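The values are calculated or read from the model by the stated rules, or taken from the named source; none is laboratory data. Here the structure is a predicted model, which means the values were calculated and not measured. Cβ placement follows ideal geometry from the backbone for every residue including glycine, while neighbour counts extend to all protein chains displayed. Areas reflect the complete protein model, heavy atoms only, side chains present, ligands, DNA and RNA absent. Shrake-Rupley method; radii C 1.70, N 1.55, O 1.52, S 1.80 Å.
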Amino acid sequence: MTTDPSLSTFLSQARELLGDRAVLTDAEGFAPYANDWRQKFFGKPAAVVFASSTEQVAQLVRLANTHEVALVPQGGNTGLSGGATPDDTGRQVILNLSRMTRIRARDQDNKTITVDAGVTMQTVQEEADKMGLTFPLNLTARGTATIGGNLSTNAGGTAVLRYGNARALCLGVEVVTADGQIWDGLRGLRKDNTGYDLRDLFVGAEGTLGIITGAVMALHPKPAGVMTALACLPDPVPAKAAAQAVALLQIAQQHCNASLTGFEFMTPSSMNPVSDYYPQFARPAGLGTPEQSCVLLEVSHAESEQAATALLERVLEVAMEQDLVVDALVAQSMQQAQAFWDLREHITMAAAEDGLQVKFDIALPISSIAEFCRITEDKLRQAYPGIRLSNFGHLGDGNLHFNVAAPAELFEGLDRQGRHDACRQYVKANEDCIRRIIHDEVVARQGSISAEHGLGILRRDEAAHYKSSVEMDLMRRIKQALDPKNILNPNKVLRTNP
Ligand code: FAD
Ligand code: 2HG
Ligand code: ZN
């Protein structure tokens, strides 16, 4: 029970507003909400409150404003930057929107769907499918991650190279402002030049400027044929394989143009934990050698599966002629295509089983990827002998997860808990220096230190380190203008508390 009178008043008024079952104050029930998915950040909320409608969100925010209680907006809590995790003061309240699950409207001809913020990505995909359309935003946490969270992180995933990120697929938003007003910006327009783009201010703001309660999302025509292949790159040196992947991308783009809907790069050290922890999703036996990296290619065609297959086979043929691919499997069934995606999608889960890593989410001009990998890998291996570089990601749009795992010798012979403790300690001791090496190389090439996961708490200070004072000042002024009492996700994205 809190001893802070304004917090106590807020909580009792929240209970009156939402009912007892929507206000969780029992610390034992906090676990799924108080910590992040990776178990890197551990929060101590005063409560978790669940809103079921926009009006409830607005009333709660008004209460929070009156009593100056900080709110941490949360959707599915699958974020990877700690943005949905409260601090450890015991004073912040998680405002969870996962009970807001209404599909508000479907518009077949406009190819849009209007949903509550708590609707999951997967539900929107399924609804689009029922309409004979596709919602192409896609990532492994689709069953839990919500549209509100997707928009607030400006999520990316595996189809950005063709369809763009969450921002590109969002036509309108409904937002509860920091003083509890409701802004209805639910316009389903693809063109609208009537002043400042407020929608784009809230997309990617990680809950620091307003609470997204609803959204109009763009849908696309469903391709008639989708074909997937797993290609093996010849060079056993991961950085050289990355250069070969970039060359393969050029061929794939030249032949497929907009039909190329997936291009995912995977080095052996990213795939090996999948074999260890999820053997059913392991890399297909006999595809190249275990030292070789792979690319998952997906081609979607408006006309037919045969047309998609023909494009994909042509790409692989040309790449083999140029010695950029040594071996490849074109999926012979939906199950095999799913198996290729299962391998790719289990990298993050397998890594979590293996132990904490220093995670990266970098974006680079595609022309810089090869050189970046060569130089950065050399620097890291010199500075940290034995480290395991788990490089993989959405190379087709320039986004790599250049993750760093502790040397295996640190935990040889230890049980699971021992290994996890050793990895956690290694990360704690080395993450600042590892980040500096990698991010310096990224920024030197005009790259970004967060392509899709956002800053949250994880990269907040890194962003401040690299951004100009002009950019930081503009960001601070926007925050100050929209949330003058600093009640929306304080200290995320920007340092706003002393
Ligand atoms: P949460 O984690 O609940 O919140 C994320 C941030 O948004 C927080 O700052 C929170 O305060 C804010 N927020 C949430 N809802 C709202 C709202 N309605 N209004 C205002 N602010 C809000 N991400 C990618 O981009 N690409 C990937 O490929 C990808 N793969 C993943 C794979 C796995 C296995 C996992 C666990 C995560 C992955 N993610 C990926 C990260 C994550 O799924 C996305 O960031 C997702 O968009 C978060 O949605 P969420 O509902 O879980 O948001
Ligand atoms: C992915 O691409 C996600 O699978 C997670 O963005 C990346 O585990 C990671 O670092
Ligand atoms: Zn990713």
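Testing Ala166 on (1) touching a strand residue (DSSP E or B) at 6+ places or on another chain (Cβ under 6 Å); (2) within 8 Å of ligand 1 (Cβ to nearest atom), one condition comes back false. Which one is that?
(1)
If you take the residues of segment 159-187 that are touching an Asp or Glu at 6+ places or on another chain (Cβ under 6 Å) and farther than 22 Å from Val493 by Cβ, which of them is surrounded by the fewest Cβ atoms within 10 Å (Cβ to Cβ)?
Filtering segment 159-187 down to residues touching an Asp or Glu at 6+ places or on another chain (Cβ under 6 Å) leaves 160-161, 174, 178, 184, 186.
In the following step, the residues that additionally are farther than 22 Å from Val493 by Cβ were identified as 161, 184, 186.
Working: Leu161: 24, Asp184: 12, Leu186: 19.
For segment 159-187, the residue satisfying everything is Asp184.
Tell me, please, whether a residue that is open to solvent by less than 40 Å² (accessible area, probe 1.4 Å), under 22 Å from the mean Cα position of the chain (by Cα), modelled with pLDDT of 95 or more and more than 16 Å from ligand 3 (Cβ to nearest atom) can be found in segment 411-425.
No, segment 411-425 has no match at all.
Those residues that are closer than 15 Å to Leu209 by Cα and within 9 Å of the chain's Cα centre (by Cα), I need them from segment 147-170; list them, please.
Answer for segment 147-170, where residues must be closer than 15 Å to Leu209 by Cα and within 9 Å of the chain's Cα centre (by Cα): Thr153, Asn154.
Check whether at least one residue in segment 57-74 is hydroxyl-bearing (Ser, Thr, Tyr) and either more than 16 Å from ligand 2 (Cβ to nearest atom) or more than 25 Å from Ala451 (Cα to Cα) (or both), and report yes or no.
yes
Against the condition in contact with a strand residue (DSSP E or B) (Cβ under 6 Å, 6 or more places away or on another chain), open to solvent by 50 Å² or more (accessible area, probe 1.4 Å) and more than 30 Å from Gln425 (Cβ to Cβ), how does Val299 come out, does it pass?
Details: in contact with a strand residue (DSSP E or B) (Cβ under 6 Å, 6 or more places away or on another chain): yes; open to solvent by 50 Å² or more (accessible area, probe 1.4 Å): no; more than 30 Å from Gln425 (Cβ to Cβ): yes.
No; evaluated as a whole, the condition is false for this residue.
Would you tally the residues in segment 23-55 being closer than 23 Å to Asp4 by Cβ and of a type in the set (Lys, Arg)?
1
Results for (1) assigned to a loop (DSSP other than H, G, I, E, B); (2) in contact (Cβ under 8 Å) with a residue 40 or more places away in the chain; (3) in contact with a Ser or Thr (Cβ under 8 Å, 6 or more places away or on another chain), shown as yes or no for each residue.
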{"residue": "Pro284", "(1), (2), (3)": "yes, yes, no"}
{"residue": "Pro290", "(1), (2), (3)": "yes, no, no"}
{"residue": "Val295", "(1), (2), (3)": "no, yes, no"}
{"residue": "Val299", "(1), (2), (3)": "no, yes, yes"}
{"residue": "Leu329", "(1), (2), (3)": "no, yes, no"}
{"residue": "Arg344", "(1), (2), (3)": "no, yes, yes"}
{"residue": "Met349", "(1), (2), (3)": "no, yes, yes"}
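Restricting the first residue to segment 128-143 and requiring it to be in contact (Cβ under 8 Å) with a residue 60 or more places away in the chain, which pairs with a second residue that is aromatic (Phe, Trp, Tyr) and not in a helix (DSSP H, G or I) meet a Cβ separation below 9 Å and a spacing of at least six or different chains?
Filtered contacts from segment 128-143: Ala128/Phe135; Asp129/Phe135; Ala141/Trp37.
Could you check segment 113-145 and list, in sequence order, the residues that are within 16 Å of ligand 2 (Cβ to nearest atom) and either in a strand (DSSP E or B) or among the charged types (D, E, K, R) (or both)?
Result: Asn138, Arg142.
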